[in-house]
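The values are calculated or read from the model by the stated rules, or taken from the named source; none is laboratory data. Bear in mind the structure is a predicted one, so any value in this text is a computation, not a measurement. Here the Cβ is made from the backbone with ideal geometry for all residues, glycine too, and neighbour counts use every protein chain on show. Surface accessibility is based on the protein's heavy atoms, side chains included, excluding ligands, DNA and RNA. Shrake-Rupley method; radii C 1.70, N 1.55, O 1.52, S 1.80 Å.
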Amino acid sequence: MSPQEMIEKALDLSTADDVVVIVDEGSSANLRFAGNTLTTNGVGRSSQLTVISIVGRGVGVVSRAAVRPEQLADIVATADHAAEDATPSEDARPLVEGGRSADWDLPAESTSIGVFGAFAPALGEAFATAEAGGRRLYGFAEHIVTTTFVGTSTGARLRHTQPTGRLELNAKSPDMKRSAWTGVATRDFSDVDVAALDASLARRLEWAKNRIDLPAGRYETLLPPAAVADLMVYLYWTAGARDAIEGRTVFSKPGGGTRVGETLSPLPIRLYSDPAAPGIACAPSVVAHASSRQNSVFDNALPLAPTDWIADGTLRSLIQTRYSAELTELPVTPAIDNLIMQGPEGGRSLEEMIASTERGLLLTCLWYIREVDPQSLLLTGLTRDGVYLVENGEVVGEVNNFRFNESPVDLLGRLTEVGASEQTLPREWSDYFTRTVMPAIRVPDFNMSTVSQAS
């Protein structure tokens, strides 16, 4: 069966009051390399069916991979029976009515190893350049295309194709004592400049030839877009309205309610999501395979719109389902699968920010980020693959790694500069969230709580 045929058949087989059927058709291609040599490459395909049955206010959800046509009736029956036995769902709402994608009838799209047609030769040239320069490149490139089909008993027939590509590149000295990392997100690898990435890694390895030991403490620190993305994505993930209204998070207002309307930063920063954002476009409607505190299966097919989470430094919205919006009396603002941060117009490049730094640290990326306190959103983690000392506008050497303790919400209130925004890849969360546009930022007192022995 085609995905569309499977959805229509499942809808026809169900005896539930309402049904949502989701089919995800995926394909992937990857290249892996180590020591300036391509080691493996591969392609793969996947298919998943999710049937969401609704009986009264009860919900039954069954998901299966690689479903054969003869298995469909049993899967639908299992979901129907689970809904009949389920306790009433507090988020139950009428399903969204109608809506049909213009390309609904087309086959699922896919990727292939051919997506690396121009990238692979450029990678080979980078291997040769790195070998001649006495460094070794390690990493991987991955491209995934997922076509999602959503059909409902209320007439919705929606489809979205999502390409997701990423390159992670690590350069090491021959003795393996110096290391530098960079990564990029892409839709199709046509915009990946491997030579430029390799050149930036070579420069960092040169910086690292001079080793400087520094104690723990608070330092003026420049965070590049990748590190900012890791912090802002975690902030975004914790910005659920229901948790806030129940007093569980940093976005809860003391005494009750949420902090929507409060100023979080003295700078006019904007943190927002837009399904149609160029280069990082994502699904234009809700796709919820299961309900959670931030998602509701009843909201499937609900249209998404550009949403300001923070605007002019003020908290404007939290992630809302239709159910939580009734609790908070705020607009319905569901989660969107991209995130953009912008500062004042005329933001400088990271290089320009380095050149104007009298003395401070330059991070590469953050690693092993974990939450310490949800009430303040205090996070801890490690620096990795290069922390550099900047003096009088120049990088003078690499310093030891640190463990940091910082809250991204608190950081917003202490920013002294926000640079120009660019598409980037969060290193820690790249398995889960790749569509980000972020600036570099300057923090006058970033808390390097202890020296780390990690290398």
**Request:** Sort out which residues of the range 240-262 are open to solvent by 10 Å² or more (accessible area, probe 1.4 Å) and either among the charged types (D, E, K, R) or under 12 Å from S317 (Cα atoms) (or both), and write them in order of number.
**Result:** R242, D243, E246, R248, K253, T258, R259, V260, G261, E262
**Out of S317, S324, sole residue that is closer than 28 Å to A79 by Cβ and of a type outside the set (A, V, I, L, M, F, W, C)** = S324
**Message:** With buried (at least 20 other Cβ atoms within 10 Å of the Cβ) and closer than 25 Å to K177 by Cα as the only criterion, which of G419, G381, G397 stands out?
**Reply:** G381
**Fill in**
Residues of the range 11-41 being open to solvent by 20 Å² or more (accessible area, probe 1.4 Å), touching a Gly at 6+ places or on another chain (Cβ under 9 Å), of a type outside the set (A, V, I, L, M) and farther than 17 Å from F116 by Cα, in sequence order, are D17
**Request:** Restricting attention to the range 82-108, report how many residues are assigned to a loop (DSSP other than H, G, I, E, B), at negative phi and in contact (Cβ under 8 Å) with a residue 60 or more places away in the chain.
**Result:** 12
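Table: residues versus (1) modelled with pLDDT of 95 or more; (2) under 28 Å from A325 (Cβ atoms); (3) of a type in the set (A, V, I, L, M, F, W, C); (4) touching a His at 6+ places or on another chain (Cβ under 8 Å).
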{"site": "K9", "(1), (2), (3), (4)": "yes, no, no, no"}
{"site": "D18", "(1), (2), (3), (4)": "yes, yes, no, no"}
{"site": "I22", "(1), (2), (3), (4)": "yes, yes, yes, yes"}
{"site": "L38", "(1), (2), (3), (4)": "yes, no, yes, no"}
{"site": "P69", "(1), (2), (3), (4)": "yes, no, no, no"}
{"site": "I113", "(1), (2), (3), (4)": "yes, no, yes, no"}
**Asked** Of the residues that make up the range 336-347, is at least one outside any strand (DSSP E or B), within 21 Å of W181 (Cβ to Cβ), modelled with pLDDT of 95 or more and of a type outside the set (D, E, K, R)?
**Response** no
**Message:** Among the residues that make up the range 345-367, is at least one of them without any contact (Cβ under 8 Å) to a residue 40 or more places away in the chain, polar (S, T, N, Q) and under 23 Å from A185 (Cβ atoms)?
**Reply:** no
**Asked** Looking only at the range 425-439, which residues are in a strand (DSSP E or B) and surrounded by fewer than 24 Cβ atoms within 10 Å (Cβ to Cβ)?
**Response** V437
**Subset of the range 368-378 (residues that are open to solvent by less than 70 Å² (accessible area, probe 1.4 Å) and free of Cβ contacts under 8 Å to residues at least 60 places away in the same chain)** = D373, L378
**Index of the failed condition, R203 passing every other in (1) in contact (Cβ under 8 Å) with a residue 40 or more places away in the chain; (2) open to solvent by 40 Å² or more (accessible area, probe 1.4 Å); (3) of a type outside the set (F, W, Y)** = (1)
**Message:** Residues that are under 20 Å from T37 (Cβ atoms): list the strands (runs of 3 or more DSSP E) wholly contained in the range 134-225 that include at least 1 such residues.
**Reply:** 136-152, 157-172, 179-186
**Request:** Inspect all residues belonging to the range 429-447 and state whether any of them is out of contact with any helix residue (DSSP H, G or I) (no Cβ under 9 Å at 6 or more places or on another chain), aliphatic (A, V, I, L, M) and closer than 29 Å to N338 by Cα.
**Result:** no
**Message:** Only one of T129, T152 is surrounded by fewer than 21 Cβ atoms within 10 Å (Cβ to Cβ), hydroxyl-bearing (S, T, Y) and either farther than 16 Å from L167 by Cα or under 28 Å from the mean Cα position of the chain (by Cα) (or both). Can you tell me which?
**Reply:** T129
**Prompt:** Within the range 79-120, how many residues turn out to be open to solvent by 70 Å² or more (accessible area, probe 1.4 Å) and out of contact with any helix residue (DSSP H, G or I) (no Cβ under 8 Å at 6 or more places or on another chain)?
**Reply:** 13
**Request:** Out of the residues in the range 51-71 that are open to solvent by 40 Å² or more (accessible area, probe 1.4 Å) and either in contact with a Phe, Trp or Tyr (Cβ under 8 Å, 6 or more places away or on another chain) or part of a strand (DSSP E or B) (or both), state the one that is farthest from D18 (Cα to Cα).
**Result:** A65
**Message:** With the requirement that a residue be without any contact (Cβ under 8 Å) to a residue 60 or more places away in the chain, closer than 30 Å to G165 by Cα and not polar (S, T, N, Q), what does the range 43-81 give you?
**Reply:** G44, L49, V51, V62, R64, A65, A66, R68
**Request:** Just need a number here: residues in the range 109-155 that are among the charged types (D, E, K, R) and either under 30 Å from S14 (Cα atoms) or touching a Phe, Trp or Tyr at 6+ places or on another chain (Cβ under 7 Å) (or both).
**Result:** 1
**Request:** Go through the range 367-411 residue by residue and tally those that are among the polar types (S, T, N, Q) and not in a loop (DSSP other than H, G, I, E, B).
**Result:** 3
**Prompt:** So which residues in the range 401-416 are more than 23 Å from L214 (Cβ to Cβ) and open to solvent by less than 10 Å² (accessible area, probe 1.4 Å)?
**Reply:** P408, L412
**Message:** For V228, only one of the following conditions fails: (1) part of a loop (DSSP other than H, G, I, E, B); (2) among the hydrophobic types (A, V, I, L, M, F, W, C); (3) within 23 Å of the chain's Cα centre (by Cα). What is its number?
**Reply:** (1)
